[in-house]
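All remarks here apply to the structure that follows.
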């Protein structure tokens with residue numbers, strides 16, 4: 001045990017002295033997380049309006065036109081952009097330039113025709129071949145149908161009840177009833193799972209993604225120490241002492257593990273308190289994923305150090321897995337938005353399992369049970385990488 005700790009302390013001393021270690025393990029993931037966060041608008045305080053911008057021009061200006069305007073303005077899918085001094089040609093140009101998704105024009109005589117139950121149409125300028133047209137058409141028809149229905153109901157009510165239900169009173173009451181319809185669809189979210197904004201969702205993906213990516217990149221320093229030890233024949237001299245091969249491997253492995261796990265703890269704390277990424281929603285689950293991911297990445301670093309024959313190879317063998325595992329494993333783009341085949345291929349990498357574990361906690365709001373499978377998969381990778389490193393070191397000795 002003392003021999004293992006001696007090797008571990010020696011490696012940690014060398015790693016801490018190397019500025020590249022801090023750059024790849026701490027500085028780079030923080031910089032890239034902030035960069036992607038700003039790019040996605042995660043730090044913007046302005047709430048963007050996702051509704052379709054629709055130009056609106058009223059050429060009629062009668063009292064019956066106002067309810068139509070109010071119904072359209074209250075829509076959750078379109079946003080009225082009014083141009084009081086614009087003309088129909090101006091709106092048509094804005095639609096053609098793509099500045100508006102469509103334009104609605106209330107023609108002269110529209111209100112009078114509606115009151116007399118005559119056929120009358122709004123003027124809608126839009127690209128009927130666009131994907132937004134169906135939404136615009138549905139919202140416009142809904143508004144017109146409500147207005148027409150309120151006028152007809154008010155007319156019938158006045159004919160039956162007379163002065164007890166004047167036309168304007170019945171009309172207003174009918175429109176008001178639409179604000180609380182007897183049947184409506186309500187979207188509910190469990191109070192157990194906190195609501196995540198678009199910006200928070202971006203950081204919830206980017207924070208663990210960059211942490212895992214640069215943990216792999218940081219292995220090049222650890223791998224170079226093992227390469228240097230072999231080139232200087234320090235490793236060979238150690239093998240002639242009472243230190244066994246397994247002691248040497250565990251000593252190097254423990255040093256890399258302490259480094260990677262410490263990185264995870266620091267970056268998780270940064271994400272929790274600075275970026276408001278809810279890692280601590282289920283602390284035990286987050287800790288288990290971080291621990292198993294550190295086990296896996298540390299074993300990969302040990303394997304790279306044993307395989308590489310030079311410092312240049314150590315760099316190459318560290319950078320290539322970083323790009324391949326991060327790209328396929330969903331550190332850059334969520335696997336949820338990719339196809340089924342890509343998701344299957346992605347889960348051949350340990351990064352995909354680590355991302356699943358972290359996102360089960362911070363995005364999906366799950367607990368400890370949800371990370372057992374990802375943690376198990378990462379542990380299997382750790383055993384595989386460590387076994388390959390032990391086999392490769394033994395094979396190299398026999399040559």
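Structural remarks
- Label selected from (i) 109, 42, 36; (ii) 81, 51, 42; (iii) 71, 45, 38, the criterion being Cα extents along the principal axes in Å as computed here: (i)
- Centre-to-centre, using Cα atoms only, the range 87-119 and the range 357-390 are separated by 58 Å.
- Computed over the chain with a Gaussian network model linking Cα atoms closer than 10 Å, the most mobile of 204, 215, 74 is 74.
- Global form of the range 48-111, assessed from the alpha-carbon gyration tensor, a/c cut-off 1.5: oblate
- Stokes-Einstein diffusion for the range 52-177 at 10 °C, viscosity 1.306 mPa s, with a Kirkwood radius from C-alpha pairs, works out to 103 µm²/s.
- Ordering of 161-171, 358-368, 299-309, 94-104 by packing [mean C-beta count within 10 Å, highest first]: 299-309, 358-368, 94-104, 161-171
- C-alpha long axis of helix 311-329 to longest principal axis of the chain, angle in °: 30 degrees
- Sites residue 320 and residue 201 - FRET efficiency at Förster radius 30 Å, r taken between beta-carbons, to 0.05: 0.50
- Going from the residue with the fewest nearby Cβ atoms within 10 Å to the one with the most, 318, 310, 370 rank 310, 370, 318.
- Of the residues 319, 2, the one with the fewest other Cβ atoms within 10 Å heads the list, and the complete ranking is 2, 319.
- Fewest-first ranking of 353, 178, using other Cβ atoms within 10 Å as the exposure measure: 178, 353
- Whole-Å distance, taken between Cα centres, linking the range 288-324 and the range 327-353: 19 Å
- Protection proxy ranking for 24-34, 123-133, using the average of other Cβ atoms within 10 Å per residue and placing the highest first: 24-34, 123-133.
- Estimated [θ] at 222 nm from DSSP helical runs (n ≥ 4, -39500 (n - 2.57)) normalised by residues in the chain, nearest 500: -21000 deg cm²/dmol
- Helix 167-177 vs. the chain, principal-axis angle (Cα, 0 to 90°, nearest 10): 10 degrees
- Between 0 and 90°, nearest 10: helix 2-17 axis offset from the chain longest Cα axis: 50 degrees
- For the range 281-357, diffusion coefficient by Stokes-Einstein and Kirkwood Rh (Cα), 10 °C, 1.306 mPa s, µm²/s: 117 µm²/s
Every read-out reported here was derived from the displayed coordinates using simple, explicitly stated rules and does not represent laboratory data. Remember, predicted model here, so these are calculated numbers, not experimental data. All Cβ positions, even for glycine, are placed from backbone atoms using ideal geometry, and neighbour counts span all protein chains on display.
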